[in-house]
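The values are calculated or read from the model by the stated rules, or taken from the named source; none is laboratory data. What you see is a predicted model; the values in this text were computed from it and never measured. Neighbour counts run over all protein chains shown; Cβ positions are idealised from the backbone, glycine included.
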Amino acid sequence: MSYTIEGATGAWEVVIGLEVHAQVTSEAKLFSGAATEFGAEPNTQVSFIDAGFPGMLPVINRECVAQAVRTGLGLKAQVNLWSRFDRKNYFYADLPQGYQISQYQFPVIGQGEIQIELPDGSTKMIGITRLHLEQDAGKSLHDQHPNKSYIDLNRSGVALMEIVSEPDMRSPEEAGAYLTKLRQILRYLGTCDGNMEQGSLRADVNVSVRKPGEGFRTRCEVKNVNSIRFVMQAVEAEARRQIEVWEAGEEVVQETRLFDTTRGETRSMRSKEDAHDYRYFPDPDLPPLVLQQDWVDQVKAGLPELPDERRARYVGEYGLTPYDAHVLTLEKETAAFYETVAAGRDPKMAANWVTGDFFAGLNRTGHSIGDSPVSAENLGGLLDLIKDGTLSGKLAKEVLEAMFETGKPPAAIVEERGLKQVTDTGAIEAMIDEVMAKNADKVAEYRSGKDKLFGFFVGQTMKAMQGKGNPALVNEILKRKLA
Amino acid sequence: MTAATDLTLAGARAALARREISAVELTRAHLEAIEALNPRLNAFITVTPEQALAQAEAADAALARGEAKPLTGLPLAIKDLFCTAGTRTTAASRILGDFVPPYESTVTSQLLRDGAVFLGKANLDEFAMGSSNTSSAFGAVENPWKRQGEEGTVLVPGGSSGGSAAAVAARLALGATATDTGGSIRQPAAFCGVAGIKPTYGRCSRFGIIAYASSLDQAGPVARTVEDCAILLNSMAGFDPRDSTSADLPVPDFAAACERGVKGLRIGIPREYRLDGLPAEIAALWEQGMAWLKAEGATLVEISLPHTKYALPTYYIVAPAEASSNLARYDGVRFGLRENGEDLKDLYERTRAAGFGEEVKRRILIGTYVLSAGYYDAYYVKAQQVRALIRQDFDHAWEQVDAILAPTTPSAAFGRDEKQDDPVAMYLNDVFTVTANLAGIPGLSVPAGQDAKGLPLGLQILGRRFDEETVFAVGRAIERNAGFSALPALRAAA
């Protein structure tokens, strides 16, 4: 069922395309050797090149190109063996050269696609138009002094990948799912840390609305949205605004807008008439970027397994449900954790424990998988104790809780707390005899055909054994004795 | 004995090696000459006597230890477009204020590596934009040559490397660095009666040279002989990983190539360079050059470079376009001149209005215009297409010839007050030189004769990309035959 917004004149469809700026994970900037670490003191990671000093020249950082190519391959996209850097000219205080070096006409990566997963379990392909490399600008700080602005050039020259989608999304959920999936792929590839709070991933959202079946209407661009939730909110707010404009008999004007996260609405930043004339032209300081096919092949051969392939493997090889496979592959770290737990064990059982009690434990204790007190090795150890009969499922849950609290391995907790399951048939038989003696009336009822009472005896026996009786043995012996 | 300032670079090197003169004496002689003549010629924007003497002392110590390098103790002028660590670098513009670079250009660092002494920073047209060295914010440079009978008329030294050429001609330096974007080495060399080569684009690193037009700018030397140019270029050239357009090729022994001779070489004479209105004495000098080469065993071949007539307009689109972008960084925010304003835009406008001279503003405006939406295809893209055709003209020529002989300029040095009101007439100075920049090929200007009033005239030798060796061989042959020995009116020890 497709998403529409009901207006006064009927249903409206929303058309969304995203331009995502992803900061390339690299030691050095795109055209200089300066460092790129986040959060450094202002203006401590700036070379003379980044500051636009006279006579300074850009030299391409090979690693940034490799990262862009990795990303392109991860998006199943065309890698252009010939691409070019252009200058985008405009004046701003945090743009030291007076131009941004970007790839306007000939990007390094061409068309690709991303498969997105929607909450109802369905999937959809979203086209990628292009990916290009460009420099980030510095940062203007307007709040440090009553009448002065400060400039921090640490970010100036940092490599960005601009990833442009086709206008293929039709709902806020699809836009959210696209960004989620793109971030997941970038993190799997290690080409961008995907950290939206720190600004290493930012989205410009292009929105238009139309009556179902129509061609595209005028779009507006909502700039620099910095969380997935805000992207979804911005899409809806902007779509509703445009519907109001159209329904009032007016025209939507093509313009750049900002999303006000507190008021939940977009407002105009600059209209098309004020748009800069960027005077793009090929950067004469940089020869065309020419890649060798065998180098691209090498990069491809070194790519890690991507989320879609990993998910398929979990379903095919491990027999997991598509849902579990999806949940376990969302984050690279989760998948790695799961695979350690599952190694040499029952993969389904491992999946149940990871997605069930382990995730619940993380939530309860406020941890993430990165700083989990329970290591994958220890969770695996817990599963081993279930398998060899040392722990019942119920006891194992208790042990896991203790593991979250103490960070200790399961064997140590079992030892300390004497939680070991009783498998001594003699002990179990003795306990069962006791239970049967106390409940002679129930025994008689059972023997006269009230089969349902079997569960009662199991419960009583386990209760008497403080839960430590081996359930299989308890069952077996009870059946024999009650017969 | 020859006065220290009259020595050639090679001659001075030999004299130093024989200990006939010390590096300090040599340097002091040049500093004295600068002190005497620079107030008039204005060839230097900044003179660095203490630094020069300290370098000369170090050179004498190295010579004493027997550790002479190719340029040990040889005093040079450095065009003030090359960034020199710790020494003010101005590009002859107000906008750089008192900018002192904390870094050294690759070319000058290689000269220092090879032992050179830097006398100071040579004047130029502002941001290397000009053909008369009249657009410098630090005042015009005077050509040391005088028209016979018009000693009171101040002539221009050519541009943009006017300070470099004037300093070398007047014996204020043994040689100088220069840059050539449309003729800025060869035209002033011709006007001042000295030699100068613009090597192949990519031969010298552009790192640390203040950019005018990046796809055309190339550093080269100015000196009094072809051999001196070769010696200097050997130190200046070479691959630099800090310049992505620098060529990763070995640097041949240019000085050795000078004496190869021209026997068996095919020399192209481009038909399209026989301009209407070319002064008879320049046409005659060109004919004379052909006769010399023929007599030495070269074959003359008439060739066609059909797109020559489009070279000048192409240059005056490409160069300003790149300049308009290259000069955007001079905004008053991080270094150089700042004129505070009401807001950021006002700061930009005031700073750039006060900081740039008229010619620079003109070229920024032209460049901004040709890159603007709606004009880009008609001007910039078209110019790039024509540029490719001009390059192709030369590619075809090299199938028939090994080098090309042409005049360097359509006239001898003109008066400072002439041509100033007509930018287009001024641009015509570059008519024979811009093609080499557009095609990226090397071009050498050699003093080959004088006009009727005794002013020097140059002949230009063009060659294949990265074949400066043949260019030097032909240039040396012209030089030997011309036996150019006239001296400028204003010179040291005169």
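Within the stretch B:334-364, the set of residues being more than 9 Å from every other protein chain (Cβ to nearest Cβ), hydrophobic (A, V, I, L, M, F, W, C) and more than 25 Å from the chain's Cα centre (by Cα) comprises B:L337, B:A353, B:A354.
Scanning the stretch A:28-60 for residues that are surrounded by fewer than 22 Cβ atoms within 10 Å (Cβ to Cβ), under 29 Å from A:I114 (Cβ atoms) and at pLDDT 95 or above returns A:A28, A:I60.
For every residue, the table says whether it meets (1) under 26 Å from B:L490 (Cβ atoms); (2) hydroxyl-bearing (S, T, Y); (3) within 24 Å of the chain's Cα centre (by Cα).
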residue: B:S372; (1), (2), (3): no, yes, no
residue: B:Y427; (1), (2), (3): no, yes, yes
residue: B:I441; (1), (2), (3): no, no, yes
residue: B:S445; (1), (2), (3): yes, yes, yes
residue: B:L457; (1), (2), (3): yes, no, yes
residue: B:G463; (1), (2), (3): no, no, yes
residue: B:F466; (1), (2), (3): no, no, yes
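Filtered by the rule that a residue be within 10 Å of chain B (Cβ to nearest Cβ) and under 32 Å from the mean Cα position of the chain (by Cα), the stretch A:89-103 gives A:D94, A:L95. Each residue in the stretch A:386-412 was checked for being part of a loop (DSSP other than H, G, I, E, B), more than 33 Å from the chain's Cα centre (by Cα) and over 18 Å from A:M465 (Cα atoms), and 1 pass.
From A:R187, A:R155, A:R217, A:R229, which residue is part of a loop (DSSP other than H, G, I, E, B) and either farther than 30 Å from A:S47 by Cβ or out of contact with any strand residue (DSSP E or B) (no Cβ under 9 Å at 6 or more places or on another chain) (or both)?
Sole residue among the options that is part of a loop (DSSP other than H, G, I, E, B) and either farther than 30 Å from A:S47 by Cβ or out of contact with any strand residue (DSSP E or B) (no Cβ under 9 Å at 6 or more places or on another chain) (or both): A:R217.
Of the residues making up the stretch B:358-397, those that are under 26 Å from B:Q288 (Cα atoms), crowded, with 19+ Cβ neighbours inside 10 Å and of a type outside the set (D, E) number 2. Report, by residue number, each residue of the stretch B:303-333 that is more than 26 Å from the chain's Cα centre (by Cα) and at the interface with chain A (Cβ under 9 Å from one of its Cβ atoms). Of everything in the stretch B:303-333, those that are more than 26 Å from the chain's Cα centre (by Cα) and at the interface with chain A (Cβ under 9 Å from one of its Cβ atoms) turn out to be B:D331, B:V333.
Of all residues in the stretch A:233-264, those satisfying the criterion of being more than 17 Å from A:K211 (Cβ to Cβ) and among the small types (G, A, S) are A:A234, A:A237, A:G264.
Looking at A:L320, A:L303, just one residue is at negative phi, among the aliphatic types (A, V, I, L, M) and surrounded by fewer than 19 Cβ atoms within 10 Å (Cβ to Cβ), and that residue is A:L303. Against the numbered list (1) β-branched (V, I, T); (2) farther than 22 Å from B:R113 by Cα; (3) surrounded by 20 or more Cβ atoms within 10 Å (Cβ to Cβ), B:T27 comes up short only at (2).
Would you confirm, using the coordinates I've provided, whether B:A178 is in contact (Cβ under 8 Å) with a residue 24 or more places away in the chain, outside any strand (DSSP E or B), touching a helix residue (DSSP H, G or I) at 6+ places or on another chain (Cβ under 6 Å) and among the aliphatic types (A, V, I, L, M)? Here the answer is no, as B:A178 does not meet what is asked. Condition check: at pLDDT 95 or above, under 26 Å from B:A213 (Cα atoms) and touching an Asp or Glu at 6+ places or on another chain (Cβ under 7 Å). Does B:V381 satisfy that? In short, no.
Residues of the stretch B:261-275 include at least one that is surrounded by 18 or more Cβ atoms within 10 Å (Cβ to Cβ), away from chain A (no Cβ under 14 Å) and in a helix (DSSP H, G or I).
To keep it simple, each residue is scored yes or no on (1) of a type outside the set (V, I, T); (2) under 31 Å from the mean Cα position of the chain (by Cα); (3) part of a strand (DSSP E or B); (4) farther than 17 Å from A:Q100 by Cα.
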residue: A:H21; (1), (2), (3), (4): yes, yes, yes, no
residue: A:T25; (1), (2), (3), (4): no, yes, no, yes
residue: A:G39; (1), (2), (3), (4): yes, yes, no, yes
residue: A:S47; (1), (2), (3), (4): yes, no, no, no
residue: A:G52; (1), (2), (3), (4): yes, no, no, no
residue: A:I60; (1), (2), (3), (4): no, yes, no, no
residue: A:A66; (1), (2), (3), (4): yes, yes, no, yes
residue: A:T71; (1), (2), (3), (4): no, yes, no, yes
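In the stretch B:236-260, of all residues being outside any loop (DSSP other than H, G, I, E, B) and closer than 20 Å to B:T177 by Cβ, the one that is farthest from the other protein chains (Cβ to nearest Cβ) corresponds to B:C258.
Matching residues to (1) over 30 Å from B:A383 (Cβ atoms); (2) in contact (Cβ under 8 Å) with a residue 24 or more places away in the chain; (3) not charged (D, E, K, R):
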site: B:K419; (1), (2), (3): no, yes, no
site: B:T433; (1), (2), (3): no, yes, yes
site: B:I441; (1), (2), (3): no, yes, yes
site: B:S445; (1), (2), (3): no, yes, yes
site: B:E468; (1), (2), (3): no, yes, no
site: B:A482; (1), (2), (3): yes, yes, yes
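Within the bounds of the stretch B:293-300, is there any residue that is polar (S, T, N, Q), touching a helix residue (DSSP H, G or I) at 6+ places or on another chain (Cβ under 6 Å) and surrounded by fewer than 16 Cβ atoms within 10 Å (Cβ to Cβ)? Looking through the stretch B:293-300, none of the residues is polar (S, T, N, Q), touching a helix residue (DSSP H, G or I) at 6+ places or on another chain (Cβ under 6 Å) and surrounded by fewer than 16 Cβ atoms within 10 Å (Cβ to Cβ). Applying the set (1) under 22 Å from the mean Cα position of the chain (by Cα); (2) within 13 Å of chain B (Cβ to nearest Cβ) to A:G121 leaves exactly one unmet item: (2). Of the residues screened, B:S160 is not one that is modelled with pLDDT under 95 and either among the polar types (S, T, N, Q) or in contact with a helix residue (DSSP H, G or I) (Cβ under 7 Å, 6 or more places away or on another chain) (or both).
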